[in-house]
Amino acid sequence: MKHLIAPSVLSADFANLKEDIDMVNRSKADWFHIDIMDGVFVPNISFGFPVLASIDHYATKPLDVHLMIVDPDRYLQQFKDAGAEVITVHYEACTHLHRTVQAIKALGCKAGVALNPHTPVSVLTDLIEDLDLVLIMSVNPGFGGQKFIENTYQKIRQLKALAIERNENLLIEVDGGVNQHNLLALLKAGADVLVAGNAVFSSEDPVKTIEEMKKVSLSSISV
């Protein structure tokens, strides 16, 4: 499967959000990545249901919603109603993770679980068959523009090995510090979905940048 590019709306220009949504719509991007932050689970607050619903109104591509919030179970239906097609919760935020994943699936959404940089892949061993996606955080969650954590490559390789053994349809997503310089290495490690924030929205030509990121393939790797 060709890798997916999911521009992170957190890096968009909120004074001109409709323009940035239109840009992603006409680009070769695959998903909109939406970070929901509550100021409790992470030290930042992003946006809630009204903004998400407004994005959904104009977006022509799926909304990949990443919940960086405590007690996400309380709001799953509301996120579905606001337009989420993929809902990813944090392992660290869910006391009964299997129940949460099943609740997401019951809504008709793809179910994902995110792992913070300090959380090992092994915690998902008993749940991996039930997941559509695992999001590896390559920075500490909460803010855009952070430096990429190099251990991410090893975690992706570990997750890929587990997926090959237990769930060959699993999508491996990477979020944080993804750009044109590390994209090849991430694909080689086994990533399927690449979240790009500053690399896209700070570009002089975001549409071209997305196109270039989509063109990259494993055949481009010479080692």
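The values are calculated or read from the model by the stated rules, or taken from the named source; none is laboratory data. Computed from a predicted model, the values in this text were never measured in an experiment. No Cβ is skipped: glycine too gets one built from the backbone with ideal geometry, and neighbour counts run over all protein chains shown. Protein only, heavy atoms only, side chains kept; ligands, DNA and RNA dropped before computing areas. Shrake-Rupley method; radii C 1.70, N 1.55, O 1.52, S 1.80 Å.
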Which one is farthest from residue 94 (Cα to Cα), of the residues in region 49-71 that are open to solvent by 30 Å² or more (accessible area, probe 1.4 Å) and under 17 Å from the mean Cα position of the chain (by Cα)? 61
Only one of these is touching a residue at least 40 places away in the same chain (Cβ under 8 Å), touching a Lys or Arg at 6+ places or on another chain (Cβ under 8 Å), farther than 20 Å from residue 187 by Cβ and aliphatic (A, V, I, L, M): 128, 87. Name it. 128
How many residues are over 10 Å from residue 189 (Cα atoms) and not hydrophobic (A, V, I, L, M, F, W, C) if we restrict to region 141-172? 13
Among the residues of region 180-223 satisfying the criterion of being basic (Lys, Arg) and under 22 Å from residue 26 (Cα atoms), which is surrounded by the most Cβ atoms within 10 Å (Cβ to Cβ)? 214
Residue check, residue 147 against (1) closer than 20 Å to residue 42 by Cβ; (2) open to solvent by 20 Å² or more (accessible area, probe 1.4 Å); (3) of a type in the set (D, E, K, R); (4) touching a strand residue (DSSP E or B) at 6+ places or on another chain (Cβ under 8 Å), all met but one. Which one? (4)
Take the residues of region 96-110 that are of a type outside the set (A, V, I, L, M, F, W, C) and assigned to a helix (DSSP H, G or I): which is nearest to residue 127 (Cα to Cα)? 98
Considering only residues that are among the hydroxyl-bearing types (Ser, Thr, Tyr) and assigned to a loop (DSSP other than H, G, I, E, B), which ones fall in region 64-95? 95
Scan region 11-40 for residues that are outside any helix (DSSP H, G or I), in contact with a strand residue (DSSP E or B) (Cβ under 9 Å, 6 or more places away or on another chain), open to solvent by 20 Å² or more (accessible area, probe 1.4 Å) and on the phi < 0 side of the Ramachandran plot and jot them down. 28, 30, 31, 38
Just to be sure before I move on: is residue 87 closer than 21 Å to residue 199 by Cα and open to solvent by less than 10 Å² (accessible area, probe 1.4 Å) in the structure I sent? no
